[in-house]
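Just dropping this structure here.
Throughout, read-outs are computed from the coordinates displayed, never taken from laboratory work. Keep in mind that what you see is a predicted model, and the values were worked out from it rather than measured. When we count neighbours, we look across all protein chains shown, and the Cβ atoms used for this are built from the backbone with ideal geometry, even at glycine.
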């Protein structure tokens, strides 16, 4: 990509985020900042609090305490739909597409929602934003399959469609929950390479959870490690890999594999 590099600015600021369930502190005063043009991985062993923390950022769970700011604005207590409208894209561990609709129609639906006031509501979604949908599908490598139903796609292709849907609202922040779950090793790396390229082009900040440590250490700019609800390490992949506490508590000394969902 030519031209001057994008300026790194804070996109997501989390301060002292906490949440308990039945007296168990699932997330304990976690704080971090995510910048534009950055991929930040959130990792940790089973029960570390990754999913709870992720869902509080996204609005699916309300924290007991703490602050969450998007571009300097508090989003604490807002529902996921409202957060999405502020420019937050989201992908899920299990893909969330409409199986009976075509690849293009899934993206068009997201575009219609994003540009909700600029088209007549009585026209079918497939009549809107054809060119915009095709441009997004071309960017994720799915333009040649635009007229296929999502229900017949290979899982790796569904992940690409979901990424195009997430990009439809021109997000400044992209939340990716286990983006490579269920994919073959080669597909995992290809999807993350694609994501990284889009992040650099569009100056997006990405927060993602991931169990494949090869993916994490190959593509994350920074890594934060949770254990028993607390942030125990944060830094570059090299710094985290060499952190003795991380090796002992989470990685078992190898920095290669993680097990099961959080």
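In contact with a strand residue (DSSP E or B) (Cβ under 6 Å, 6 or more places away or on another chain), within 19 Å of residue 11 (Cβ to Cβ) and crowded, with 16+ Cβ neighbours inside 10 Å, is that true of residue 36? Reasoning before the result, please.
On the way: in contact with a strand residue (DSSP E or B) (Cβ under 6 Å, 6 or more places away or on another chain): yes; within 19 Å of residue 11 (Cβ to Cβ): yes; crowded, with 16+ Cβ neighbours inside 10 Å: yes.
When the stated conditions are applied, residue 36 passes them.
For (1) free of Cβ contacts under 8 Å to residues at least 60 places away in the same chain; (2) over 20 Å from residue 233 (Cα atoms), each residue gets a yes or a no:
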| site | (1), (2) |
| --- | --- |
| 30 | no, no |
| 48 | no, no |
| 55 | yes, yes |
| 60 | yes, yes |
| 63 | yes, yes |
| 74 | yes, yes |
| 84 | no, yes |
| 88 | no, yes |
| 106 | yes, yes |
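Give me the strands (runs of 3 or more DSSP E) completely within the range 121-237, filtered to those with at least 1 residues that are free of Cβ contacts under 8 Å to residues at least 40 places away in the same chain, ordered by residue number. Give the steps one after another, and end with the answer.
Numbers: elements: 173-177, 205-209, 222-227, 230-235.
Qualifying strands (runs of 3 or more DSSP E): 230-235.
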